[in-house]
Structures are given as structure tokens and as C-alpha cells.
1. Which net charge results for the neighbourhood of Arg185, defined as the other residues with beta-carbon distances under 13 angstrom from its beta-carbon, given Lys and Arg at +1 and Asp and Glu at -1?
2. Could you tell me the distance between the Cα centroids of region 74-112 and region 140-177, to the nearest Å?
3. If ligands, DNA and RNA are left out, what is the accessible area of Thr29 with a 1.4 Å probe, given in Å² to the nearest 10?
4. What do you get for chymotrypsin sites (Phe, Trp or Tyr not before Pro) in region 102-199 restricted to DSSP loop and a cutoff of at most 10 other Cβ within 10 Å of the site's Cβ?
5. For Ala24 and Tyr175 in one chain, what is 0.36 nm times their gap in residues minus the Cα-Cα distance, to one decimal in nm?
Amino acid sequence: NPRNEQCRAEWWILWRRLAGGLAAGQQKTLAESVIAAWRDRLRMESLARQTGGGKAGLGGKNRELAFQFGPHESAEVWRMLGSLELLEVAAKIELGSMILDFLQRARPAAVKQAAIHALGRIGARVPAYGPLNSQIPVEVAENWCERILSAEPLDGPASVAFALSQLAHRTGDRYRDLSPGIRQRILDWLASTTAEASVVTRVREGGNLAQKQHQEIFGESLPRGLRLDLSR
């Protein structure tokens, strides 16, 4: 049922749940067409703004039904992309830049929250299952944090807190940890919100994720009796 947005959204949920079991090449194949579609959509929207056009984002070479990206489908696409921890660093950097551009435009709040959640997953200092050599460089993570902190207030402070805590999670590894200055700015921002103590602790001191944070990472609660061990 490719014309049914709910059906398409469930399709992306399926791949998000399977993501950790896919090989790097499979994740790349899954992401490439979606990234190309978003790239095309953002380009069309920019063109429409520049020319004073009307409805944007519905044209371009990626106009297939699978990439119409209504609000519900858009949210699930971003969550799926955020779950692909085996993507190459260059692809993650491009994705992060696209998300930061996406967040500055008028969008439904739920879609923006899903996008910022994906940004946190893509740039996480402590990945859920991916290898450390697939992490984005520290300077890129710091730039993303700076752009988040300097942006206009975003919908869903809890989603922003999650993203910042993922990007600034202290590891004790100087090659992964953010500089003290940006870390303190993040801690100050978290203190100004209703961020949970465990979120602040991860940024200030590090430590393993609590069960609730596991659920936040995967975007849903686990079936009763199933537990995840993400300790490293």
C-alpha cells in the first residue's frame, strides 16, 4: 500500500528495529535513497523560498510515492536514519548538517523532535552498538552542539536535552570528549530546563545509560522481560 502514509511509516519502523542486525553495507544501501530524497526536498524548498514559489518540497527527481514524507512518515524516517550507527563518517556528517538545516524551518513539532533525536544518535559519544571508529570527530560534535545552543528555542526541550546529552556524554577519552567550555555551556542549558538528574550526570561525569535512556535511544519501550546490556 505505497499510497498509505501509515503503511509507509510502519515500513521505516521495521527497518529501525532491524538496524542493529544489519551489516554496514546494508545500512548504507538503506540510507542512500532516503538521504538523496531529503537532499532533493531541502533543495526544492530552498529554491521555492528564493523564487517566492508556493508549495515546496513536492517536486524534484525523487518524487516517488515512497518519498512523499508526510509528518508521521517523516518522523519515522528520521528515527530510522538515526539508528544506522554503521554509516560512514562522511554520511553521518552530511546527515547532521541536513538535520540542523531542517530544524530551522517551519515543521510539525513531532517531526522536529524526531530529527533532533536522530542528531543525538548520529553524533553519540557512546554509541549503542556501533564501533568507535565510525564516530564523528569531536570538532564536528562540538559544532553541532554550538548550533543547537545558539538556535531559536526548539520544540520539545526533552528531545533537545537527549540530543545534547548524547553528543556530550563524558567518556574519559580525550579523543571523544568535548572541550570543557562547550560541556559547561551544555550543563548550564540543562540546568535551565527540567532535564533529569541522570541526563546531567552523563554529561558531567559519564556513566552507563539507565534503562529509561535505553528506551529513549531505541524510540520505544522493550517487551516485558527483555533487557539490554549496553555497558562498555
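The values are calculated or read from the model by the stated rules, or taken from the named source; none is laboratory data. Since the model is a prediction, treat every value here as computed from it, not as a measurement. Positions of Cβ are backbone-derived with ideal geometry, glycine not excepted, and every protein chain shown enters the neighbour counts. The accessibility values were calculated without ligands, DNA or RNA, using every heavy atom of the protein model including side chains. Shrake-Rupley method; radii C 1.70, N 1.55, O 1.52, S 1.80 Å.
1. Once all neighbours under 13 Å are counted, the net charge is 0.
2. After rounding, the separation between the Cα centres reads 14 Å.
3. Answer for Thr29: close to 100 Å² accessible.
4. Tyr175
5. That pair, Ala24 and Tyr175, stretches by 52.0 nm at full extension.
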